[in-house]
1. Taking into account only those residues within region 4-33 that are surrounded by 10 or more Cβ atoms within 10 Å (Cβ to Cβ) and hydroxyl-bearing (Ser, Thr, Tyr), which is nearest to the chain's Cα centre (by Cα)?
2. Name, by its number, the condition in (1) surrounded by 10 or more Cβ atoms within 10 Å (Cβ to Cβ); (2) at pLDDT below 90; (3) out of contact with any Asp or Glu (no Cβ under 7 Å at 6 or more places or on another chain) that does not hold for Glu59.
3. Since Gly36 meets every condition but one in (1) in a strand (DSSP E or B); (2) surrounded by fewer than 13 Cβ atoms within 10 Å (Cβ to Cβ); (3) not aliphatic (A, V, I, L, M), which condition does it not meet?
4. Could you look through region 39-70, keep only residues that are part of a loop (DSSP other than H, G, I, E, B) and of a type in the set (Lys, Arg), and pick out the one that is farthest from Asp21 (Cα to Cα)?
5. So how many residues does region 17-55 have that are in contact with a Gly (Cβ under 8 Å, 6 or more places away or on another chain) and among the acidic types (Asp, Glu)?
Amino acid sequence: DQLYLMNISEMLQTHRARGADLTIAVKPVSRAEASGFGILRLDPSGRITEFYEKPKTKEELDTLALDEQT
């Protein structure tokens, strides 16, 4: 439910190359912003492994943080 400036052609090319059924555009957000968004975790190949809808608790945010600064 957000729009971003991005290279749609590159996204489509990657989607096709991976044989994906679905591709979702996402972007990193800070810990302060996280509770306003659906937040997900990706595996090394870029596939979604977890999704939290607007995490609120410190424990949820700690689980999803990429590093101490986020």
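The values are calculated or read from the model by the stated rules, or taken from the named source; none is laboratory data. In this text, all values refer to a predicted model and were calculated from it rather than measured experimentally. FYI the Cβ positions are ideal-geometry reconstructions off the backbone, even for glycines, and counts take in every protein chain you see.
1. Thr23
2. The one condition Glu59 does not meet is (1).
3. So the condition that Gly36 fails would be (1).
4. Lys56
5. 1
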